[in-house]
1. Just to verify a result, which residue in region 44-79, among those that are farther than 13 Å from LEU107 by Cβ and small (Gly, Ala, Ser), is farthest from the chain's Cα centre (by Cα)?
2. Just to confirm my filter: which strands (runs of 3 or more DSSP E) fall fully inside region 72-180 and include at least 2 residues that are out of contact with any helix residue (DSSP H, G or I) (no Cβ under 6 Å at 6 or more places or on another chain) and surrounded by 18 or more Cβ atoms within 10 Å (Cβ to Cβ)?
3. When the residues of region 44-71 are narrowed to those that are acidic (Asp, Glu) and without any contact (Cβ under 8 Å) to a residue 60 or more places away in the chain, which ends up most open to solvent (accessible area, probe 1.4 Å)?
4. Tell me, yes or no, whether region 127-146 has at least one residue that is more than 15 Å from ILE74 (Cβ to Cβ), β-branched (Val, Ile, Thr) and at pLDDT 55 or above.
Amino acid sequence: MNIKDLKFKIRNPVVPAPLASRVPSSGFTYLALLVAVIIIGISLGAVTRYWSNISLREKEEELLFRGDQYRKAIQSYTSAIPGRTEFPQSIDDLLQDNRTAALTRHLRQKYKDPISGEDFVEIRDQVTRRITGVNSPSDKEPLKQANFPEQDKDFEGKKKYSDWRFTYTPQPGQPGLPGLPGQAGIPGRPQPQSPVTTRPAPPAR
(Lines give C-alpha, C1' and ligand atoms only; values in the text may rest on other atoms or scores of the structure.)
Protein backbone atom coordinates (compact mmCIF):
# COMPACT_ATOMS: atom_id res chain seq x y z
CA MET A 1 0.00 0.00 0.00
CA ASN A 2 1.47 3.31 -1.01
CA ILE A 3 1.05 6.68 0.63
CA LYS A 4 -1.51 7.93 -1.90
CA ASP A 5 -3.91 5.08 -1.16
CA LEU A 6 -3.62 5.73 2.57
CA LYS A 7 -4.47 9.39 2.14
CA PHE A 8 -7.53 8.52 0.07
CA LYS A 9 -8.90 6.23 2.78
CA ILE A 10 -8.41 8.85 5.46
CA ARG A 11 -10.20 11.49 3.39
CA ASN A 12 -13.19 9.12 2.82
CA PRO A 13 -13.85 7.49 6.20
CA VAL A 14 -16.65 4.94 6.51
CA VAL A 15 -19.57 6.60 8.37
CA PRO A 16 -21.78 4.16 10.33
CA ALA A 17 -25.43 4.07 9.30
CA PRO A 18 -28.01 5.68 11.63
CA LEU A 19 -29.30 3.44 14.41
CA ALA A 20 -32.88 3.46 13.09
CA SER A 21 -31.83 2.20 9.72
CA ARG A 22 -30.17 -0.77 11.34
CA VAL A 23 -33.37 -1.93 13.18
CA PRO A 24 -34.86 -4.89 11.30
CA SER A 25 -38.22 -4.08 9.63
CA SER A 26 -39.58 -7.41 10.90
CA GLY A 27 -40.08 -5.81 14.35
CA PHE A 28 -42.62 -3.34 13.02
CA THR A 29 -44.33 -6.09 11.07
CA TYR A 30 -44.72 -8.21 14.22
CA LEU A 31 -46.16 -5.27 16.19
CA ALA A 32 -48.67 -4.46 13.45
CA LEU A 33 -49.68 -8.12 13.25
CA LEU A 34 -50.18 -8.27 17.02
CA VAL A 35 -52.44 -5.20 16.97
CA ALA A 36 -54.44 -6.68 14.08
CA VAL A 37 -54.90 -9.96 15.97
CA ILE A 38 -56.17 -8.09 19.05
CA ILE A 39 -58.65 -6.07 16.98
CA ILE A 40 -59.90 -9.18 15.19
CA GLY A 41 -60.28 -10.99 18.54
CA ILE A 42 -62.36 -8.16 19.99
CA SER A 43 -64.52 -8.04 16.88
CA LEU A 44 -65.07 -11.81 16.89
CA GLY A 45 -66.01 -11.69 20.58
CA ALA A 46 -68.61 -8.99 19.92
CA VAL A 47 -70.02 -10.92 16.96
CA THR A 48 -70.16 -14.12 19.02
CA ARG A 49 -72.05 -12.40 21.83
CA TYR A 50 -74.43 -10.85 19.31
CA TRP A 51 -75.32 -14.16 17.67
CA SER A 52 -75.48 -15.86 21.07
CA ASN A 53 -78.10 -13.33 22.19
CA ILE A 54 -80.00 -13.79 18.94
CA SER A 55 -80.03 -17.56 19.47
CA LEU A 56 -81.13 -17.20 23.11
CA ARG A 57 -83.98 -14.86 22.19
CA GLU A 58 -85.21 -17.40 19.66
CA LYS A 59 -85.12 -20.08 22.38
CA GLU A 60 -87.07 -17.79 24.69
CA GLU A 61 -89.78 -17.33 22.06
CA GLU A 62 -89.89 -21.10 21.59
CA LEU A 63 -90.18 -21.55 25.37
CA LEU A 64 -93.16 -19.20 25.45
CA PHE A 65 -94.79 -21.13 22.60
CA ARG A 66 -94.21 -24.60 24.06
CA GLY A 67 -95.24 -23.58 27.57
CA ASP A 68 -98.44 -22.12 26.18
CA GLN A 69 -99.12 -25.37 24.33
CA TYR A 70 -99.02 -27.23 27.65
CA ARG A 71 -101.26 -24.64 29.28
CA LYS A 72 -103.84 -24.85 26.50
CA ALA A 73 -103.70 -28.65 26.57
CA ILE A 74 -104.44 -28.69 30.30
CA GLN A 75 -107.33 -26.28 29.75
CA SER A 76 -108.68 -28.52 26.97
CA TYR A 77 -108.37 -31.60 29.18
CA THR A 78 -110.25 -30.06 32.09
CA SER A 79 -113.16 -28.97 29.90
CA ALA A 80 -113.34 -32.00 27.59
CA ILE A 81 -116.09 -33.79 29.52
CA PRO A 82 -119.09 -31.72 30.64
CA GLY A 83 -119.74 -32.08 34.36
CA ARG A 84 -116.41 -33.83 34.93
CA THR A 85 -113.79 -31.15 35.28
CA GLU A 86 -110.44 -32.46 36.49
CA PHE A 87 -106.76 -31.90 35.86
CA PRO A 88 -104.57 -34.58 34.21
CA GLN A 89 -102.57 -37.02 36.30
CA SER A 90 -99.67 -37.12 33.83
CA ILE A 91 -98.46 -35.59 30.60
CA ASP A 92 -99.45 -38.82 28.86
CA ASP A 93 -103.08 -37.97 29.66
CA LEU A 94 -102.69 -34.90 27.45
CA LEU A 95 -101.29 -36.98 24.61
CA GLN A 96 -104.09 -39.55 24.84
CA ASP A 97 -107.22 -38.91 26.89
CA ASN A 98 -108.72 -42.33 27.74
CA ARG A 99 -111.70 -41.05 29.70
CA THR A 100 -114.08 -41.59 26.78
CA ALA A 101 -114.45 -44.10 23.98
CA ALA A 102 -113.35 -41.48 21.47
CA LEU A 103 -109.68 -40.97 22.33
CA THR A 104 -108.80 -37.29 22.42
CA ARG A 105 -105.36 -35.77 21.90
CA HIS A 106 -105.01 -32.44 23.74
CA LEU A 107 -101.24 -32.04 23.15
CA ARG A 108 -99.65 -32.68 19.76
CA GLN A 109 -96.36 -33.93 21.23
CA LYS A 110 -94.31 -33.99 24.42
CA TYR A 111 -92.16 -30.90 24.11
CA LYS A 112 -88.69 -30.42 25.59
CA ASP A 113 -87.60 -27.25 27.32
CA PRO A 114 -85.65 -25.33 24.60
CA ILE A 115 -83.42 -23.58 27.15
CA SER A 116 -82.00 -26.66 28.89
CA GLY A 117 -82.92 -29.37 26.41
CA GLU A 118 -84.53 -31.33 29.28
CA ASP A 119 -88.13 -32.23 30.07
CA PHE A 120 -90.39 -29.56 31.49
CA VAL A 121 -90.96 -29.65 35.25
CA GLU A 122 -94.52 -30.63 36.14
CA ILE A 123 -96.35 -28.25 38.48
CA ARG A 124 -98.75 -30.26 40.64
CA ASP A 125 -101.51 -29.31 43.03
CA GLN A 126 -100.47 -29.98 46.62
CA VAL A 127 -103.75 -31.73 47.47
CA THR A 128 -104.65 -33.88 44.47
CA ARG A 129 -101.13 -34.12 42.97
CA ARG A 130 -102.62 -33.50 39.55
CA ILE A 131 -100.81 -31.40 36.94
CA THR A 132 -101.84 -27.75 36.73
CA GLY A 133 -98.94 -26.50 34.61
CA VAL A 134 -95.26 -26.77 33.68
CA ASN A 135 -92.10 -24.70 33.91
CA SER A 136 -88.51 -24.74 32.67
CA PRO A 137 -85.89 -26.42 34.92
CA SER A 138 -83.31 -23.74 34.02
CA ASP A 139 -82.16 -21.26 36.69
CA LYS A 140 -80.43 -18.99 34.16
CA GLU A 141 -81.48 -15.34 33.99
CA PRO A 142 -83.68 -14.54 30.99
CA LEU A 143 -82.78 -11.84 28.49
CA LYS A 144 -86.45 -11.02 28.04
CA GLN A 145 -87.73 -8.97 30.96
CA ALA A 146 -90.73 -7.13 29.50
CA ASN A 147 -93.25 -6.98 26.62
CA PHE A 148 -94.73 -10.41 27.29
CA PRO A 149 -98.05 -11.60 25.84
CA GLU A 150 -101.07 -10.87 27.97
CA GLN A 151 -101.28 -14.41 29.35
CA ASP A 152 -97.61 -14.21 30.44
CA LYS A 153 -97.57 -10.77 32.09
CA ASP A 154 -96.50 -12.36 35.38
CA PHE A 155 -93.14 -13.25 33.80
CA GLU A 156 -91.97 -9.63 33.74
CA GLY A 157 -88.88 -9.00 35.86
CA LYS A 158 -88.33 -12.68 36.71
CA LYS A 159 -84.72 -13.66 37.42
CA LYS A 160 -84.90 -17.32 36.39
CA TYR A 161 -86.49 -19.22 33.53
CA SER A 162 -87.92 -21.60 36.13
CA ASP A 163 -90.04 -18.67 37.35
CA TRP A 164 -91.90 -18.70 34.03
CA ARG A 165 -94.76 -20.92 35.23
CA PHE A 166 -97.23 -21.93 32.53
CA THR A 167 -100.27 -22.83 34.63
CA TYR A 168 -103.95 -23.00 33.86
CA THR A 169 -106.34 -21.39 36.31
CA PRO A 170 -110.12 -21.60 35.75
CA GLN A 171 -111.84 -18.29 35.23
CA PRO A 172 -114.35 -17.00 37.81
CA GLY A 173 -117.76 -18.57 37.38
CA GLN A 174 -116.46 -21.94 36.17
CA PRO A 175 -117.40 -25.07 38.14
CA GLY A 176 -115.02 -26.00 40.94
CA LEU A 177 -112.16 -28.19 39.83
CA PRO A 178 -110.56 -30.88 42.02
CA GLY A 179 -107.37 -29.71 43.62
CA LEU A 180 -108.06 -25.98 43.56
CA PRO A 181 -108.10 -24.62 47.11
CA GLY A 182 -111.00 -22.32 47.75
CA GLN A 183 -113.12 -23.78 44.93
CA ALA A 184 -116.38 -25.60 45.51
CA GLY A 185 -116.70 -29.24 44.52
CA ILE A 186 -113.47 -30.55 46.06
CA PRO A 187 -114.02 -34.05 47.44
CA GLY A 188 -113.35 -34.40 51.13
CA ARG A 189 -113.67 -30.71 51.89
CA PRO A 190 -116.62 -29.01 53.63
CA GLN A 191 -118.70 -27.00 51.21
CA PRO A 192 -119.57 -23.40 51.99
CA GLN A 193 -123.02 -23.06 53.47
CA SER A 194 -125.56 -20.44 52.47
CA PRO A 195 -125.94 -17.75 55.11
CA VAL A 196 -128.98 -18.22 57.36
CA THR A 197 -131.09 -15.17 58.00
CA THR A 198 -133.15 -15.16 61.19
CA ARG A 199 -136.32 -13.11 61.00
CA PRO A 200 -138.19 -11.91 64.07
CA ALA A 201 -141.44 -13.71 64.80
CA PRO A 202 -144.59 -11.78 63.86
CA PRO A 203 -146.38 -10.11 66.78
CA ALA A 204 -149.16 -12.10 68.42
CA ARG A 205 -152.71 -11.06 67.57
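The values are calculated or read from the model by the stated rules, or taken from the named source; none is laboratory data. What you see is a predicted model; the values in this text were computed from it and never measured. FYI the Cβ positions are ideal-geometry reconstructions off the backbone, even for glycines, and counts take in every protein chain you see. The area values use the complete protein model at the heavy-atom level, side chains included, leaving out ligands, DNA and RNA. Shrake-Rupley method; radii C 1.70, N 1.55, O 1.52, S 1.80 Å.
1. Filtering first and then ranking leaves SER79.
2. Numbers: elements: 121-124, 131-135, 165-167.
Qualifying strands (runs of 3 or more DSSP E): 131-135.
3. So in region 44-71, the residues acidic (Asp, Glu) come out as 58, 60-62, 68.
Filter again for without any contact (Cβ under 8 Å) to a residue 60 or more places away in the chain, leaving 58, 61-62.
On the way: GLU58: 123, GLU61: 103, GLU62: 64 Å².
So the residue we want is GLU58.
4. Here is the first cut: in region 127-146, the ones more than 15 Å from ILE74 (Cβ to Cβ) are 127, 136-146.
With the extra rule that they be β-branched (Val, Ile, Thr), the set shrinks to 127.
This time we only want the ones that are at pLDDT 55 or above, so: 127.
Yes, region 127-146 contains a residue that is more than 15 Å from ILE74 (Cβ to Cβ), β-branched (Val, Ile, Thr) and at pLDDT 55 or above.
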